[in-house]
Amino acid sequence: MRIVVENVDKKFVDNNKREVTALENINFTINEEEIVVLVGPSGCGKSTLLNIVGGLLSPTNGQVYFEGTNDIEPNLGIVFQEIALFPWRTVFENVIYGLEERGVPKKEREEKGKYYIDMVGLTGFENAYPKQLSGGMKQRAGIARALCIEPHLLLMDEPFSALDAQTRTIMQEELLTIWNRTRLSTLYVTHNIQEAVYLGDRVIVLSRHPGKIKSIINIDLPKIGRDSEQYRDQFEKYADEIWGLIRHDAQEALKEA
Amino acid sequence: MSESKKIIKNKVAFLDRKIPRYASVLGITVLLLLWETICRMNLVPPLFLPAPTAILSDGWDLMASGELMNHITASLTRIVGGYAIGATVGIIIGLILGFSRWADAIFTPVVYSIYPIPKIALLPLIILWLGIGEMPKVAIIALGVFFPVLINTFSGVKSVDQTLIKAAVTFGSSHFNVIRKVILPGALPTIFAGLKLAAGTALLLLVSAEMIAAQYGIGAMVLHYGNLMITTKLMFGVMILSLLGLLFNRGLHWLENKLIPWK
Ligand SMILES: Nc1ncnc2c1ncn2[C@@H]1O[C@H](COP(=O)(O)OP(=O)(O)OP(=O)(O)O)[C@@H](O)[C@H]1O
Ligand SMILES: [Mg+2]
């Protein structure tokens, strides 16, 4: 199953009644088992695009669809930047939320919940409430909740941006391990270039005002172990290339803010 | 180099100072003792301020004769009934107004124009409608409870984190389940603030209504003994009311801790 984003535009009306074009003419596909990363400076429309793909916002023009569904109703799993765990539910109850809403029988919920909680390394914290968890653990629970419904597309909006640098590095590694087991098609939003090169099969660079696709870069490196010594030069080359594309826009963004 | 040293002390230790348990009864005990001594020394006539012991002994007579029980039962039935109805309806309508923009636009102006009316002013009208039995008293309490609960529920719903609602919808929740599983628990802390506020209103309306139109009830009892100038029994009624208010508040507090374990 592929996800196709076709001719998507998004216009907002701002507080002064002026029209702001957040996205213009966005076209790309996400293939099966592919991780596509969206990078771009602050305010370029990354979240807007992810929300449109996630069905939480309507595009002004264009459409987003699944291709080759064979009449299965496709599922989406979203990991939110704000984490958005339900504070009144324990880790386990949060993780199985999607299954509960789909009417999955209790026994299966328990098995799957346990499986994915184990996958993100939260075994032993099933009965903890979110406020009892550290930032990294909360986001792990958020990831488990998205994985648990076994989605056809996983959407992640800067999932690790609220975490400290060490936790972040570990979580990136874990995410790849998880991907290796689940092989989910993923759309990943970040403003961190290292993260984009580390995780992506393809990196889509967005420009600002309006948010357009500036370039799509294929990362021809093996999925696992890109941070090893052997690939250091190529890794840096990709990172520099992307930074070259973003730099000017990022400086502009800073001036506006 | 001199050998003198200066240890740095915690300057905010007073913030988490532990207070012994007896402290909370200290104030009340001192007050009661003072009160008793003033009365024993005949500094004020007993008609204006009877001694606590005199109040308790006359109160005991009231209990023994079974009269008190009649009053308490009548009052409790009214307040529990009125409060339950007002709170339930208030929460439900509050959830609907908070969730549906249409309902909000149509009904919120109505709510805000009725809210400021002191509810006791409506009692004569309600008696006209419902007759002089128990109904008007229960209705006036329900009405008084309804508004603060409704308004708090409404603002609780409005303050629920939008991303939680988005998350619920993404993971497959229907509108009804969004209300039940996200909006209701999310608004619960604010709803409880409304419920506590309403407890005071309910007690006030109970006593007022009973003073205006009732044979039995703590309010009627207080008024009755006031007319007879039996201050001890009057004061005993007032003490029962204070106890009732206290119990009400404790009960809600207990329920809140039970229902909101994640806080
Ligand atoms: N609801 C809205 N109403 C008006 N303008 C909006 C709205 N949402 C987003 N925008 C505008 O659209 C543009 C893109 O916003 P978006 O949040 O998608 O950026 P982003 O790339 O995710 O930025 P960041 O990296 O800071 O999260 C911005 O200029 C923003 O001001
Ligand atoms: Mg964003």
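The values are calculated or read from the model by the stated rules, or taken from the named source; none is laboratory data. All values derive from a computational prediction rather than experimental measurement. Glycine also receives a Cβ, built like all others from the backbone with ideal geometry; neighbour counts cover every protein chain displayed. With ligands, DNA and RNA removed, areas are computed over all heavy atoms of the protein, side chains included. Shrake-Rupley method; radii C 1.70, N 1.55, O 1.52, S 1.80 Å.
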- Task: State the percentage of accessible surface on segment B:134-263 attributable to carbon and sulfur atoms; use a 1.4 Å probe and exclude ligands, DNA and RNA.
- Result: 68
- Message: Could you put B:Asp61, A:Asp14 in order of accessible surface area, largest first, with the 1.4 Å probe and the full protein assembly present?
- Response: B:Asp61, A:Asp14
- Are there residues in segment B:228-263 whose accessible area shrinks by at least 40 Å² when all protein chains are included rather than the chain by itself, and which are they (probe 1.4 Å, ligands and nucleic acids not counted)? B:Trp262
- Going by a ≥ b ≥ c, the root eigenvalues of the Cα gyration tensor, does chain B fall in the rounded group (a/c under 1.5), the prolate group (a/b larger than b/c) or the oblate group? oblate
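Would you compute, from DSSP H runs of 4+ residues alone, the mean residue ellipticity of chain A at 222 nm, taking -39500 (n - 2.57) per run and dividing by the full residue count, rounded to the nearest 500?
Numbers: 8 runs with 96 residues, N = 257.
Helices in chain A give a 222 nm mean residue ellipticity of -11500 deg cm²/dmol.
Can you classify the protein assembly as shown as rounded, prolate or oblate using the Cα gyration tensor, where a ≥ b ≥ c are the square roots of its eigenvalues, rounded means a/c under 1.5, and otherwise it's prolate if a/b beats b/c and oblate if not? Walk me through the numbers before you get to the answer.
Values: a/c = 2.90, a/b = 2.12, b/c = 1.37.
Note, shape of the protein assembly as shown comes out prolate.
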- Considering only protein heavy atoms and a 1.4 Å probe, what is the carbon-and-sulfur percentage of the accessible area of segment A:85-151? 50
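Please report the net charge: other residues with Cβ closer than 13 Å to the Cβ of B:His253, K and R +1, D and E -1. Numbers along the way, then the final one.
Values: positive: B:Lys196, B:Arg250, B:Lys258, B:Lys263; negative: B:Glu256.
Net charge in that neighbourhood comes out at +3.
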- With a sphere of radius 14 Å drawn around the Cβ of B:Ser24, what net charge do the other residues whose Cβ falls strictly inside it have (Lys, Arg +1; Asp, Glu -1)? +3
- Item | Net charge, A:Lys131 excluded, C-beta distance under 12 Å - Lys, Arg +1, Asp, Glu -1 | +3
- Task: Towards the positive end of the charge dipole of segment B:52-259, with charges on Cβ (+1 Lys, Arg; -1 Asp, Glu), say which of B:Leu259, B:Thr163, B:Met211 has the farthest Cα.
- Result: B:Thr163
- Enumerate the calculated ³J(HN,Hα) couplings along segment B:38-51 in order (Karplus 6.51 cos²θ - 1.76 cosθ + 1.60, θ = phi - 60°), each rounded to whole Hz, writing x wherever the residue is Gly or Pro. 4, 5, 4, 7, 6, 6, 10, x, x, 5, 7, 9, x, 5
- Query: Using modelled backbone amide H atoms (1.01 Å from N, in-plane), which distant-in-sequence or interchain residues come within less than 5 Å of A:Leu206's amide H?
  - Reply: A:Val39, A:Gly40, A:Lys214
- Query: Residue farthest toward the positive end of the dipole of segment A:130-257, with Cβ of Lys/Arg at +1 and Asp/Glu at -1: which of A:Ser215, A:Ile149, A:Trp243?
  - Reply: A:Ile149
- Carbon and sulfur together cover what percent of the accessible area of segment B:4-59 at a 1.4 Å probe radius? 70
- accessible surface per residue for segment A:85-151, probe 1.4 Å, DNA/RNA/ligands not counted, whole Å² -> 42
- With a 1.4 Å probe and ligands and nucleic acids left out, the total accessible area lost when A pairs with B, in Å² to the nearest 100, equals 1800
- Note on the structure: In whole angstrom, the spacing between the Cα centers of segment B:7-23 and segment B:105-172 equals 43
- Note on the structure: If unit charges are put on Cβ atoms (+1 for Lys and Arg, -1 for Asp and Glu) and the dipole of the protein assembly as shown is taken about its Cα centre, the option from B:Ser24, B:Thr108, A:Ala162 lying farthest towards the positive end turns out to be B:Ser24
- Message: Residues of segment B:167-182 losing 30 Å² or more of accessible surface, assembly versus chain alone, probe 1.4 Å, please list them.
- Response: B:Ala167, B:Thr170, B:Phe171, B:Lys181
- For segment A:68-99 and segment B:189-263, what is the separation of their Cα centres, given in Å? 46
- Message: List, by residue number, every residue in segment A:86-128 with a reduction of 20 Å² or greater in accessible area between the chain on its own and the complete protein assembly, 1.4 Å probe.
- Response: A:Phe86, A:Pro87, A:Trp88, A:Tyr97, A:Glu101, A:Arg102
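For segment B:52-259, what does the accessible surface come to per residue with a 1.4 Å probe? Please give it in Å². Can you show the working numbers first?
Details: 10330 Å² over 208 residues.
So segment B:52-259 comes to 50 Å² accessible per residue, rounded to a whole number.
What whole-number value in Å² describes the accessible area per residue of segment A:186-238 for a 1.4 Å probe?
Details: 2390 Å² over 53 residues.
Result: 45 Å² of accessible area for each residue.
Mind checking the dipole of chain A: about its Cα centre, +1 per Lys or Arg Cβ, -1 per Asp or Glu Cβ, Debye to the nearest 20? Don't skip to the end; give the middle numbers.
On the way: 30 positive and 38 negative charges, 104 e Å.
The dipole of chain A has a size of about 500 debye.
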